[in-house]
Amino acid sequence: MNVLLIGGGGREHALAWALNASPLLTRLYAAPGNAGIADVAKCVALDTADHCAVLRFVKDQAIDFVVIGPEAPLVAGLSDALAAVGVKHFGPSRAASQLEGSKGFTKDLCREAGIPTGSYGRFSDAHSARCYLDTHPAPIVVKADGLAAGKGVVVATTRAEADAAVDACFAGAFGAAGAEVLIEEFLDGEEASFFALCDGRDAVALATAQDHKRVGDGDTGPNTGGMGAYSPAPVMTPALVERTMREIIRPTVAAMAARGTPFKGVLFAGLMITADGPKLIEYNVRFGDPETQVLMVRLNSDLLAAMLATADGGLGQLDLHWRDDAALTVVLAGKGYPGSPLKGTEIRGLDAARQTPGVEIFHAGTKRDGDRVLADGGRVLNVTAVGASVAEAQQRAYAAIAKIDWPGGFWRHDIGWRAVAREKGRRG
Ligand code: AMP
Ligand code: GLY
């Protein structure tokens, strides 16, 4: 079957790599793709915001299945445009994508369905937001309601910071996404990224994962899209996975179906594992980046078949298998990220790095210039490794990075530290 994958980041390279291994695949296209994705798919320049252009491409190239990677085309209704002409796809409808598109929508749904999350208030003017802050002291979290490319969240440790965050939102710092502000309880605990395939009725949990959001070693500095990830996440015991499915994921799938907007795709729950158990921080309606990179190298089943079952309502029959090996990925970013990254710098040594045992290199933001590979984004490469333990995967990933010559880039040196410390504790 011919497949079109929408997106061009590290997540999409990992998805393309896994889709390419499917016996069901005939041709794989990626729009726009990147220099790494070009090794496993035909990259095409398509304006994915132009639904007519996408539909024309689907028809001209006899595409049987469209996989939508990022949130923006989902929230913009690309799934609905495909559904309207009967094109099978992986990714929720615009209405179901509200789970990521509006944080207030998700909070209200949690309240109605009794899903554990922090307490909150929704505000459309600064005065009422400040009144709420009078009775809800810091630490407290202020968020722009809509999609703000990961930048609309402030964990305020003082009242002054909370006020400033409210003012920034209403002053238009996040455009339309900040027209409504959410203020929520600060949740204390360890974060985990939880993924479940959902076919509108049934849900199947994927392997567990954790990422590192802060830019600097020791989990310091500004938040980013993610500087590295690993799987499994030792904090997510089988009992916690079952509890998350029972208390969070299944009630969400049921509530969305009851509203007449069934969720079909991958539901990504950002969890806080608190002293009272797992609580929902937020939903995303797509795979995580860079969590997908570690999930795909551990997946021992056909990704395309799993995505088709998700689209067809067949998850009840799906049995997913995972390698026992652990996986870890380190994000190599352009200097300046998450601010303005340096672009166009040359990256050398990728072939040598790829020879390291157990290593796959996914491209997140690169382009080719003749034989040269150039940085072309904030997060640029994901050096990913499998190993018998997270510690071994970590050692292999950093051994591969040592062979890469890229003065324009930087990366964290401690990805996986929590899991490695837990492994050591278990052995000692
Ligand atoms: P989000 O974009 O909503 O995932 O938020 C980005 C990051 O802010 C999360 O990964 C958490 O580290 C932090 N965060 C968001 N909401 C909360 C909360 N209610 N309590 C504690 N930390 C939070
Ligand atoms: N790594 C977190 C995300 O994809 O949003």
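The values are calculated or read from the model by the stated rules, or taken from the named source; none is laboratory data. The structure displayed is predicted, hence computed values, not measured ones. Every residue, glycine as well, gets a Cβ built from its backbone with ideal geometry; the counts of neighbours run over all protein chains shown. In case anyone asks, the SASA skips ligands and DNA or RNA and just uses the protein heavy atoms, side chains included. Shrake-Rupley method; radii C 1.70, N 1.55, O 1.52, S 1.80 Å.
Would you rank His136, His413, His363, His321 by solvent-accessible area, highest first, keeping every protein chain in place and using a 1.4 Å probe?
These residues rank, largest area first, as His413, His321, His136, His363.
Determine the calculated [θ] at 222 nm for the chain from helices alone, applying -39500 (n - 2.57) to every DSSP H run no shorter than 4 residues and normalising by the residue count; nearest 500 deg cm²/dmol. Please list the in-between numbers first.
Values: 15 runs with 132 residues, N = 428.
-8500 deg cm²/dmol, from helical runs alone.
Using Cα-Cα distances under 8 Å and only pairs 6 or more residues apart, what relative contact order does the chain have, in percent?
Reported as a whole number, the value is 16 percent.
For the chain, with only Lys/Arg (+1) and Asp/Glu (-1) charged at the beta-carbon, what is the dipole magnitude about the Cα centre, in debye rounded to 20?
460
First compute the accessible area of the chain with a 1.4 Å probe, then give the percent of it belonging to carbon and sulfur atoms.
Numbers: 8720 of 16850 Å².
For the chain, the apolar C and S fraction of the accessible surface comes to 52 percent.
Roll a 1.4 Å probe over the protein heavy atoms and report the accessible area of Tyr337 in Å², nearest 10.
That residue has around 40 Å² of solvent-accessible surface.
In this model, which of Lys42/Lys213; Lys59/Lys151; Lys151/Lys424; Lys213/Lys424; Lys107/Lys343 are farther than 27 Å apart at the alpha-carbon?
The answer is Lys42/Lys213; Lys59/Lys151; Lys151/Lys424; Lys107/Lys343.
Determine the order of Arg426, Arg368, Arg130 by accessible area, beginning with the largest, at a probe radius of 1.4 Å. Show your work: numbers first, answer last.
Values: Arg426 170, Arg368 125, Arg130 80 Å².
Sorted by accessible area, descending: Arg426, Arg368, Arg130.
I need the phi-derived Karplus couplings for the range 118-125: 6.51 cos²θ - 1.76 cosθ + 1.60, θ = phi - 60°, integer Hz, Gly and Pro marked x.
Couplings: x, 5, 7, x, 10, 9, 10, 8 Hz.
Which one, Ala144, Pro357, Pro23, is farthest towards the positive end of the dipole of the chain when Lys and Arg carry +1 and Asp and Glu -1 on their Cβ?
With unit charges placed on the Cβ atoms, the residue in question is Pro357.
How big is the gap, in Å, between the Cα center of the range 202-242 and the Cα center of the range 365-396?
18
If ligands, DNA and RNA are left out, what is the accessible area of Cys131 with a 1.4 Å probe, given in Å² to the nearest 10?
60
Using a 1.4 angstrom probe with every protein chain in place, what is the largest-first accessible-area order of Trp417, Trp406, Trp322? If you can, show how the numbers build up before the last one.
Working: Trp417 100, Trp406 10, Trp322 60 Å².
Highest to lowest solvent-accessible surface, that is Trp417, Trp322, Trp406.
To the nearest 20 debye, what is the magnitude of the charge dipole of the range 88-134 about its Cα centre, counting +1 on the Cβ of each Lys and Arg and -1 on the Cβ of each Asp and Glu?
So the dipole magnitude of the range 88-134 works out to roughly 200 debye.
For the range 321-423, take the convex hull of the Cα atoms, compute a quarter of its surface area, and give me that in nm², please.
If you wrap the Cα atoms of the range 321-423 in a convex hull and average its projections, you get 7.0 nm².
Between Val155 and Arg243, what FRET efficiency follows from the Cβ-Cβ distance if R0 is 25 Å, with the result rounded to 0.05?
Details: r = 25 Å, r/R0 = 1.00.
Efficiency at R0 = 25 Å is approximately 0.50.
Lys and Arg at +1, Asp and Glu at -1: add these up for the other residues within a Cβ distance under 13 Å of Phe362 and post the number. Write down the numbers at each step before the final one.
Values: positive: Arg11, Arg354, Arg379; negative: Glu12, Asp39, Asp289, Glu291, Glu360.
Spelling it out: positives minus negatives among the neighbours equals -2.
Subtract the Cα-Cα distance of Ala126 and Trp322 from 0.36 nm times their separation in residues, and report this length gain in nm to one decimal. All intermediate terms of the calculation are to be shown ahead of the outcome.
Working: separation 196, 0.36 × 196 = 70.56 nm, distance 4.83 nm.
This chain segment gains 65.7 nm when fully extended.
Give me the accessible area per residue for the chain, probe 1.4 Å, as a whole number in Å².
On the way: 16850 Å² over 428 residues.
Heavy-atom SASA per residue in the chain reads 39 Å².
What value in Å³ per residue do you get for the convex hull of the alpha-carbon atoms in the range 1-91?
79
Starting at 0 and stepping by 10 Å, how many percent of the alpha carbon pairs of the chain end up in each bin?
5, 22, 32, 28, 12, 1, 0
If you place +1 on the Cβ of every Lys and Arg, -1 on the Cβ of every Asp and Glu, and leave all else neutral, what size is the dipole of the range 140-233 about its Cα centre, to the nearest 20 Debye?
The calculation lands at about 240 debye.
Subtract the Cα-Cα distance of Arg426 and Lys335 from 0.36 nm times their separation in residues, and report this length gain in nm to one decimal.
Values: separation 91, 0.36 × 91 = 32.76 nm, distance 3.67 nm.
Taking Arg426 through Lys335 to full extension adds about 29.1 nm, to one decimal.
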